[in-house]
Structures are given as structure tokens and as C-alpha cells.
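The values are calculated or read from the model by the stated rules, or taken from the named source; none is laboratory data. Note that the structure is predicted; figures quoted are calculated from it, not measured. Because the Cβ atoms are built from the backbone with ideal geometry, glycine has one as well, and the counts that use them run over all protein chains shown.
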Amino acid sequence: MSKLLGTVRQVGYVVHDIEKAMQHWINIGVGPWFYVEDVKSTEYTYYGNASSIPKLSIALANSGDVQIELIQQRNDAPSLYRDSLERNGECAQHVAYWTADHFQAICKHFLDRGFVEGHAGRMGAKSGPYAYFVHPELRSAMYEVSEISGMKAMFFDQIRAAATTWDGKDPIRKL
């Protein structure tokens, strides 16, 4: 656990085929998966500049208290997801820290330590913002900061609760 940022709450993976990736995780007993085939982003910047919005499919499940996120980008919009997939292939792409009320302070913490905001945005008009940070000297470490409040917090709580009682049935739940 970070004394400054709290507990890592999520590990995100970039994948070419999200359905196939979900099945691999299901085969080792992680689920159920909450699958959004077409994420509706409302704001987006890439390295500080307004940019076309990546068309994303995202699947979320918990393994204990850690959320696993699978991300498939379905267009060529600039993003760290696309960059990571092109540079490293399918891989664990980021770890995420969540906050209910310190989003700006945590972002400033990263910027003050030489990190660069790679991309940022908001998924849905009522959803809290997120930002991804990379460091020029440590390109393999990517951190997401996500504001968790309101509906997003309740949704993530539901995903975690579903994992604790999951009996293997209904492994993929399309939203």
C-alpha cells in the first residue's frame, strides 16, 4: 500500500480480443465479468490536448479486493491503450488508485514528481474524471487516478460484491 495514494484498487490489461481474454480469466475462476461493449466517453485528452475519443470495450471483475480491467480499443484514436498494445503487445498496462475526494491533489502529486499526464477524461457525464500518468524515465510504470463517487462508486461496489458470491454461473454480464 502506498502511504500517499492508498491501496492499488485495479490492474488494467490491454487486449486484442476482450471476449477471449474474459474467457481466460473465467477459466481460472475470476468473475463474473461486467462487460460494456461500447464505452461512452464524454471528455478526452491525449498528452494534454483535446483528441478524438478512443472507441473502447471494457470488462471488469474482481479478484478479492483488486479489480481486473480488460480494455480493447476498437479504433485508431490516440491513447495510452493503443500505445501500450503497439509497444508491448497484450499486457498489464496500468495500476489504478481510487479517490473519493482528492483527485486533483493526487494528480498534482504525480506531476510534481516528473510524471506526465498521458491521457485523461471522463466516461459518462455523471462519472468522475480519470487520468493516466507516465514517467519519461520509467515507461513501464503507468498509473491511473480515478475519482470514485456516486454511481461509479456504487457500480464498483456491486462488481466486488458479485465476485464474493459468484458460483460460476452467468460469467459475462453485458451492460
Of the candidates I53, I68, I58, the one satisfying the condition of being closer than 28 Å to L138 by Cβ, touching a strand residue (DSSP E or B) at 6+ places or on another chain (Cβ under 8 Å) and part of a loop (DSSP other than H, G, I, E, B) is I53
Enumeration of residues in segment 20-38 that are over 17 Å from I159 (Cα atoms) and touching a residue at least 60 places away in the same chain (Cβ under 8 Å)
A21
Hey, could you check segment 114-127 for residues that are at pLDDT 95 or above and surrounded by fewer than 19 Cβ atoms within 10 Å (Cβ to Cβ) and say which is nearest to T45 (Cα to Cα)?
E117
If you go through segment 151-159 one residue at a time, do you hit one that is touching a Ser or Thr at 6+ places or on another chain (Cβ under 9 Å) and farther than 30 Å from N27 by Cβ?
yes
Out of H16, H24, sole residue that is part of a loop (DSSP other than H, G, I, E, B), at pLDDT 95 or above and surrounded by fewer than 19 Cβ atoms within 10 Å (Cβ to Cβ)
H16
